[in-house]
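Data first, discussion second: the structure below is written as structure tokens.
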Protein chains: 2
Amino acid sequence: MPHLNDVDETFVATLHDLLPDAAFRDIAGYIEEPRGSWSGKAGVVVAPGSTAEVSAVMQAANAARVAVIPYGGGTGLVGGQILQDGPLPLILSMERMTRIRHIDAFENVLIAEAGTIVEQLHQAAEAIDRLFPLSFAAQGSARIGGSLGTNAGGLNVLRYGNTRDLCLGLEVVMADGRVMNTLKRLRKDNTGYDLRNLMIGSEGTLGVITAAALKLFPRPAARATALMVVPSPQAALELLAKTRDHAGESISAFELISGMGLQFLAKELPDIRRPFDPAPDWMVLTELGLATGGQPEAMLEAIFEEAFEAGLVSDGIIAQNATQAAELWTVRETIPEANRLTGAISSHDISVPITSLPAFIEEGRQILAGMGPYRLNCFGHLGDGNMHYNVFPPEGHSKAEYAAHKAPVMEAIHDLVAAYGGSISAEHGIGRLKAADLARYGDPVKLELMRGIKDLFDPNGILNPGAVLL
Amino acid sequence: MPHLNDVDETFVATLHDLLPDAAFRDIAGYIEEPRGSWSGKAGVVVAPGSTAEVSAVMQAANAARVAVIPYGGGTGLVGGQILQDGPLPLILSMERMTRIRHIDAFENVLIAEAGTIVEQLHQAAEAIDRLFPLSFAAQGSARIGGSLGTNAGGLNVLRYGNTRDLCLGLEVVMADGRVMNTLKRLRKDNTGYDLRNLMIGSEGTLGVITAAALKLFPRPAARATALMVVPSPQAALELLAKTRDHAGESISAFELISGMGLQFLAKELPDIRRPFDPAPDWMVLTELGLATGGQPEAMLEAIFEEAFEAGLVSDGIIAQNATQAAELWTVRETIPEANRLTGAISSHDISVPITSLPAFIEEGRQILAGMGPYRLNCFGHLGDGNMHYNVFPPEGHSKAEYAAHKAPVMEAIHDLVAAYGGSISAEHGIGRLKAADLARYGDPVKLELMRGIKDLFDPNGILNPGAVLL
């Protein structure tokens with residue numbers, strides 16, 4: 001790794017020449033990850049107000065060989081925003097760049113600066129009767145720059161794709177301060193190599209995204225939500241196929257929920273209204289969003305009846321109004337918090353080919369049963385083949401008691417993922433948590449090319465060192 | 001540009017050691033572009049039968065410093081498949097790698113080797129009641145490897161995206177023969193830099209795609225097609241918005257057709273049944289594909305009635321059966337052939353932000369009117385903001401008489417595209433035809449990074465030299 005210098009007084013003085021006082025921030029708020037899993041350090045935190053200021057900061061940092069951590073909402077789950085080792089870095093927060101530069105309902109496009117919070121994008125789209133579909137638990141504090149940097153996934157990927165699929169163009173400040181302006185609002189543009197997608201998901205290691213042109217969508221005219229009890233993950237997949245037969249591409253979400261998730265909710269967040277008691281082993285939360293004239297409740301009823309006949313579902317709730325739908329969604333969305341309160345030994349954000357998912361889930365269960373008395377909460381984005389496969393200590397025990405189990409559990413699961421041709425990071429990214437795993441499980445030719453690209457884009461290695469690539 | 005050697009007898013002898021006799025092809029069929037616009041040269045043409053053979057060929061070519069032109073169906077429109085200058089190259093045809101390695105209706109995925117013809121992918125998908133949506137005029141001879149290499153567009157981009165959006169994973173042989181195996185069937189995989197999209201659209205200059213995992217889709221249960229007469233491109237866009245209000249994301253195609261296109265058809269291909277005579281100035285061809293229970297004809301009727309009330313359409317035909325729908329599509333699909341027979345001075349595959357399209361079309365018309373007595377056929381993928389903006393000599397004159405007009409006409413149009421923040425190549429790619437335009441109009445930072453990536457991936461410069469980057 002190239003030699004880097006600590007942020008020192010001289011460097012901070014340089015920054016004061018480049019930026020107004022309003023750009024300087026207290027370090028304290030930026031070196032603790034919200035769940036408390038990661039804490040780090042920084043020499044200075046600045047929040048530039050414009051692309052030109054970002055460019056000036058990058059030029060200065062590159063000249064001084066100072067590490068730069070591009071910083072969005074700080075909500076990443078793999079430590080990409082926290083530097084623990086090495087010289088004191090500069091944290092480059094995008095929080096003051098929150099302007100929506102352009103929005104057009106006719107064109108279904110929006111240009112936002114990188115610091116815009118995801119939920120503000122939802123509101124801006126809604127105000128012109130459009131949908132910006134990116135949706136995940138942290139959307140109230142996550143910023144679009146970080147979402148692009150990590151190619152965030154979430155609840156609507158099945159229908160609308162990852163963050164990558166929502167982006168038409170980018171403005172990026174490179175490591176040396178040059179600005180790459182490819183902020184086009186075009187649906188089709190085949191002019192040269194796809195550097196947009198190369199930047200998206202590079203987790204702040206190749207450049208700093210300062211603005212993005214994003215796709216908007218028609219708001220579905222009618223939505224409906226159901227929670228159905230299924231006998232197994234295999235039945236859940238067959239229910240997905242049946243739902244597709246009826247709804248085509250109009251399935252907005254198809255989420256698997258395990259009984260263990262409901263048990264954690266009952267214990268840790270008893271005020272959340274639980275739909276079934278006792279908890280069934282497996283449930284599916286489905287949302288349909290249809291165009292004008294569609295009858296999504298009637299469609300869900302027809303799907304339920306057919307699936308019941310076929311033995312794919314045994315019980316179910318079709319929300320009769322928005323309040324009921326919100327209650328069902330609350331169950332799904334608070335499971336991560338219940339997990340956090342329960343305390344996992346190890347959490348895995350994995351994907352495998354969808355057909356293999358039931359076999360993977362069962363084989364993982366058997367392997368874990370042979371390793372210890374763990375509890376397993378496997379849930380998530382079934383329609384994408386993406387499970388959060390999280391391993392917990394037995395009831396009455398804490399994760400601290402099982403700290404020594406973390407490494408072997410993670411290795412066993414990741415080995416199994418690799419055997420199934422899956423991904424060890426379906427939607428959270430690599431960050432610092434999984435950089436060693438990527439080196440172990442990644443394709444060696446791809447890894448070598450990635451290293452070459454890193455050295456080409458950031459020859460001094462100042463951008464988010466230690467993230468993605470060791 | 002690095003020094004390259006001619007294919008010579010020694011090199012051909014090396015290839016004979018590596019490949020069976022069946023892999024060697026006559027040169028003649030590979031150095032003429034189908035429209036007759038480009039002709040080139042080659043020292044040898046080989047068609048390996050496996051990824052291992054492709055790897056062996058690339059190792060040998062890299063060691064010998066011989067240029068390699070990866071070759072699909074040869075249908076590219078920008079000369080990417082034809083080398084005119086420089087040392088005699090090897091043409092690497094994928095035509096013997098046509099195996100579908102995997103197909104799964106449950107998972108909606110298909111893995112095909114690069115030489116598979118696009119239409120064969122349609123048939124394979126249809127056989128399991130699924131849709132592979134990539135669709136364009138050359139689909140009967142274009143191969144999926146070339147379609148990925150050029151990120152081909154076509155008629156269904158509005159709904160399903162470009163070829164890039166249909167790809168989940170790639171197997172790629174690099175310039176030195178190493179195989180990058182990222183042929184995953186995953187919907188979500190956030191493990192490191194996105195080299196898949198970097199390879200897609202790189203036009204054979206960064207590696208040789210040997211196989212791809214591709215997305216399949218549900219087949220729309222009911223389709224309907226209409227051709228509507230609109231007073232202007234602006235009205236066509238408002239019709240698009242109205243169609244979206246009804247059909248949401250279920251619009252499979254939304255194509256603008258100009259009266260000039262129908263006039264060319266009448267003259268050059270009089271057997272094609274024309275829907276309106278005399279030809280109106282502007283028409284829109286729309287196709288809707290709805291899920292089970294949808295009534296697309298009724299939806300098109302409702303859209304037509306509302307649009308008629310609003311003055312957005314004045315006449316129209318809603319196809320009453322598949323034969324009528326096919327007739328309407330034939331009109332759209334034979335316009336490129338009528339253009340070829342008429343003979344264009346200059347053809348432009350451009351896109352601009354959709355909102356600006358009517359202003360762009362009109363401003364372009366005015367600029368051209370000031371330059372000469374040209375005829376203009378502007379048509380194409382309105383829903384994507386992508387127009388084929390083609391300039392023809394006046395009636396009774398040939399393109400040969402106007403050869404000197406080509407450069408100034410192209411420059412005027414491309415300057416206008418740049419002024420509108422558009423793209424000089426929306427879907428055809430850069431190839432050799434537009435390499436100088438890319439150097440002129442591209443973002444300079446992006447171009448410099450592209451050059452760096454080219455040198456990193458292909459240090460000897462053997463892969464498709466002169467394409468994309470000068």
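Right, residue B:255: at negative phi and surrounded by fewer than 24 Cβ atoms within 10 Å (Cβ to Cβ) or not? No. Can you pull out every residue in the range B:433-460 that is modelled with pLDDT of 95 or more, farther than 21 Å from residue A:173 by Cβ and either more than 9 Å from chain A (Cβ to nearest Cβ) or in contact with a Pro (Cβ under 7 Å, 6 or more places away or on another chain) (or both)? Those that are modelled with pLDDT of 95 or more, farther than 21 Å from residue A:173 by Cβ and either more than 9 Å from chain A (Cβ to nearest Cβ) or in contact with a Pro (Cβ under 7 Å, 6 or more places away or on another chain) (or both): B:435, B:436, B:439, B:440, B:458, B:459, B:460.
When the range A:308-326 is filtered for residues that are touching a strand residue (DSSP E or B) at 6+ places or on another chain (Cβ under 9 Å) and in a helix (DSSP H, G or I), the ones remaining, listed by number, are A:308, A:322, A:324, A:325, A:326.
Residues of the range A:66-95 being of a type in the set (A, V, I, L, M) and at pLDDT below 95, which ones? Those that are of a type in the set (A, V, I, L, M) and at pLDDT below 95: A:77, A:78, A:82, A:83.
Note on the range B:448-458: among residues that are in contact (Cβ under 8 Å) with a residue 12 or more places away in the chain and in contact with a helix residue (DSSP H, G or I) (Cβ under 9 Å, 6 or more places away or on another chain), the one that is farthest from residue B:176 (Cα to Cα) is B:450. Considering the range B:90-116, and only residues there that are in a strand (DSSP E or B) and farther than 24 Å from residue B:464 by Cβ, the residue that is nearest to the other protein chains (Cβ to nearest Cβ) turns out to be B:104.
Within the bounds of the range A:117-125, is there any residue that is open to solvent by 10 Å² or more (accessible area, probe 1.4 Å), away from every other protein chain (no Cβ under 14 Å) and not in a helix (DSSP H, G or I)? Talk me through it step by step, then tell me what you get.
Taking the range A:117-125 as the starting set, the residues that turn out to be open to solvent by 10 Å² or more (accessible area, probe 1.4 Å) are A:117, A:119-120, A:122-124.
Then drop every residue that is not away from every other protein chain (no Cβ under 14 Å), which leaves A:117, A:119-120, A:122-124.
Remaining after also requiring not in a helix (DSSP H, G or I): A:117.
Yes: one or more hits.
When each of B:401, B:411 is tested for being under 23 Å from the mean Cα position of the chain (by Cα) and farther than 25 Å from residue B:152 by Cβ, the lone residue that passes is B:411. Restricting attention to the range A:285-307, report how many residues are of a type in the set (A, V, I, L, M, F, W, C) and in a helix (DSSP H, G or I). Number satisfying all stated conditions: 7.
Residue A:350 meets each of the listed conditions (1) surrounded by fewer than 18 Cβ atoms within 10 Å (Cβ to Cβ); (2) in contact with a Ser or Thr (Cβ under 8 Å, 6 or more places away or on another chain) apart from (1).
So that you can scan it fast, the table gives a plain yes or no per residue for (1) free of Cβ contacts under 8 Å to residues at least 24 places away in the same chain; (2) assigned by TED's automatic domain parsing to the domain that holds residue B:417:
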position: B:301; (1), (2): yes, no
position: B:329; (1), (2): no, no
position: B:333; (1), (2): no, no
position: B:366; (1), (2): yes, yes
position: B:377; (1), (2): no, yes
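Within the option set B:222, B:241, B:236, being touching a residue at least 60 places away in the same chain (Cβ under 8 Å), surrounded by fewer than 22 Cβ atoms within 10 Å (Cβ to Cβ) and of a type outside the set (Lys, Arg) holds for one residue only, B:222. Do we find that residue B:205 is within 26 Å of residue B:304 (Cβ to Cβ), in contact with a helix residue (DSSP H, G or I) (Cβ under 9 Å, 6 or more places away or on another chain) and crowded, with 24+ Cβ neighbours inside 10 Å in this structure? So residue B:205 does not fit the description; no. Of all residues in the range B:269-284, at least one satisfies being aliphatic (A, V, I, L, M), under 11 Å from residue B:226 (Cβ atoms) and either in a strand (DSSP E or B) or at pLDDT below 95 (or both).
Residues are listed down the side, and each one gets a yes or a no for (1) open to solvent by less than 10 Å² (accessible area, probe 1.4 Å); (2) more than 9 Å from chain A (Cβ to nearest Cβ):
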{"position": "B:148", "(1), (2)": "yes, yes"}
{"position": "B:155", "(1), (2)": "no, yes"}
{"position": "B:159", "(1), (2)": "no, no"}
{"position": "B:177", "(1), (2)": "yes, yes"}
{"position": "B:183", "(1), (2)": "no, no"}
{"position": "B:210", "(1), (2)": "yes, yes"}
{"position": "B:231", "(1), (2)": "no, yes"}
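Checking each residue in the range B:126-146 for being farther than 22 Å from residue B:334 by Cα and within 14 Å of another protein chain (Cβ to nearest Cβ) picks out B:128, B:129, B:130, B:131, B:146. Residues in the range A:52-71 that are at negative phi, touching a residue at least 12 places away in the same chain (Cβ under 8 Å), open to solvent by 20 Å² or more (accessible area, probe 1.4 Å) and not in a strand (DSSP E or B): A:53, A:56, A:59, A:62, A:64. Selection over the range B:212-221 of residues that are under 19 Å from the mean Cα position of the chain (by Cα) and within 7 Å of chain A (Cβ to nearest Cβ) gives a count of 0.
Across the range B:395-412, the qualifying residues are those that are open to solvent by less than 50 Å² (accessible area, probe 1.4 Å) and closer than 20 Å to residue B:79 by Cα, and the one among them that is nearest to the other protein chains (Cβ to nearest Cβ) is B:410.
Among the residues making up the range B:278-293, those that are in contact with a Leu (Cβ under 8 Å, 6 or more places away or on another chain) and either farther than 25 Å from residue B:262 by Cα or open to solvent by 30 Å² or more (accessible area, probe 1.4 Å) (or both) are B:279, B:282.
So which residues in the range A:145-199 are touching a Gly at 6+ places or on another chain (Cβ under 7 Å), at positive phi and either assigned by TED's automatic domain parsing to the domain that holds residue A:288 or in contact (Cβ under 8 Å) with a residue 40 or more places away in the chain (or both), if there are any at all? Passing the criteria: only A:151. Restricting the range B:299-326 to residues that are within 17 Å of residue B:252 (Cβ to Cβ) and open to solvent by 60 Å² or more (accessible area, probe 1.4 Å) leaves a set whose member that is farthest from the other protein chains (Cβ to nearest Cβ) is B:324.
Of A:26, A:6, which residue is under 24 Å from residue A:458 (Cβ atoms) and open to solvent by 70 Å² or more (accessible area, probe 1.4 Å)?
Exactly one residue qualifies, and that residue is A:6.
The values are calculated or read from the model by the stated rules, or taken from the named source; none is laboratory data. Note that the coordinates shown come from a computational prediction; the quantities given were computed from them, not determined experimentally. Don't worry about glycine lacking a Cβ; one is built from the backbone with ideal geometry, like all the others, and counts go over all protein chains shown. Just the protein is used for accessible areas: all its heavy atoms, side chains included, with ligands, DNA and RNA removed. Shrake-Rupley method; radii C 1.70, N 1.55, O 1.52, S 1.80 Å.
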